[in-house]
1. With the cut-off at 26 Å, report for region 195-348 the share of all Cα pairs above it, as a whole percent.
2. Out of all Cα-Cα pairs in region 107-239, roughly what percent, to the nearest whole number, are more than 24 Å apart?
3. Which whole-number percentage describes the relative contact order of the chain, with Cα contacts under 8 Å and a sequence gap of 6 or more?
4. Calculated from the structure, P(r) over Cα pairs in 20 Å bins from 0, in percent equals which of [x] 31, 59, 11, 0; [y] 29, 57, 14, 0; [z] 25, 44, 29, 2?
5. Considering the zone a paramagnetic label at residue 54 would reach in this model (a point 7 Å from Cα along the Cα-to-Cβ line), which residues of region 280-302 have amide N under 16 Å from it?
6. Could you check the spin-label model distance between residue 161 and residue 334? Points 7 Å from the Cα along Cα→Cβ, value in nm.
7. Quick check on region 147-341: of the DSSP beta bridges with both residues there, what percent are antiparallel, nearest 5%?
8. With +1 on each Lys and Arg Cβ and -1 on each Asp and Glu Cβ, and nothing else charged, work out how big the dipole of region 10-145 is about its Cα centre, in Debye to the nearest 20.
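Values quoted throughout were computed directly from the atomic coordinates according to the rules given, and no laboratory measurement underlies them. Note that the structure is a prediction, hence the values are computed from the model and not measured. All Cβ positions, even for glycine, are placed from backbone atoms using ideal geometry, and neighbour counts span all protein chains on display.
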Amino acid sequence: MIRHDEDLAFMLRYENVAWYEAGGVKILDRRIYPSRVEFVTCKSHEEVANAIRDMVTQSAGPYTAAGMGMALAAYECRNFKEEDMISYLETAAYTLSHARPTTAKRMALVTEGCLKAARAAMAEGKPLDEAIFKRTIDSLNRRYSTMEIVGENLVDLFPHKANIMTQCFGETIVGMMLRVARKRNKDIKLFVPETRPYFQGARLTASVACDMGFDTTVITDNMPAFVMANKKIDLFTSAADVICMDGNVVNKVGTYQIAILAKYHEIPYYVTGIPDYTRIDSVTIEERDPKEVIEIRGVRNTLDGVKGYYPSFDITPPHLVSGVVTDKGIFVPYDLQRYFSTEVKDFY
């Protein structure tokens, strides 16, 4: 089996994101990594959807989990009549793709591809779960190889000795950016805001960067301005959960404020990814349980009666974005329609 995850950090290896075997899907629990390396085993596609909703995996992890969850759904209905199998899989596709609202449109592309693979396998008399699993691996290979091109284009923007600030955990682009930088012998240092309340920056981005041999420094979420002013940051970059056609960028809450600071300090902000054929008014900003803000790993940090507020994403307007780095080059955020003027790869 051809794989494009060679030489990447532990948590970016396919089987350490989400992996299907008959009767279950194994997902690395990113809520506790790297303190502990544990996997959540889901015995139904509903459990996979719950794992996505509960942040067992996030960033690009849910795309893989959804594909593996569809393979599990196919296993669950393996003894159904054909028409009932398709109906079951369509219901599973909705359940998995809508586990988190903000990324539902991207997730639907994953589950729709799995449905297509299931129908083709049914017509050929082949096991549906195996076909969906293979389709998910193919999707991973496409995403990793496509994001490696994005990584090439992003690293082109780095000075030879560069101080780079990130935000949250961009998953595939983080690994590919670092793999490209390593191949080119780029001397880069990463400054990684912790990304409360789940600490994806501190636990995930920093772990991947350190695992791949890069100088990595974690800062708290209220330090970016000071660090930009005193550590000579050359470039700020993030991935995005949605890159809208109107140039608005939806990403982990905190991205907006760092983009404002980057603009003030005359530091370019480059967002990476594939534009979404949607506009900001169609995006739902997920609001999560407020207790996640007033607790850290289950320990409450406030008096009873103190409230929390947790919008999971924020919106960075296009005037704060220096460029959108894609597999087709770098676009200004006001001209993303041009990305779709040539053939678009099946990314999901």
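1. Every Cα pair in region 195-348 considered, those over 26 Å come to 35 percent.
2. Within region 107-239, distances greater than 24 Å cover 42 percent of Cα pairs.
3. It comes to 15 percent, rounded to a whole number.
4. Computing P(r) over Cα pairs in 20 Å bins from 0, in percent and matching it to [x] 31, 59, 11, 0; [y] 29, 57, 14, 0; [z] 25, 44, 29, 2 gives [x].
5. 289, 292, 297-298
6. 3.7
7. Here the share of antiparallel DSSP bridges comes out near 40 percent.
8. For region 10-145, the charge dipole is close to 560 debye.
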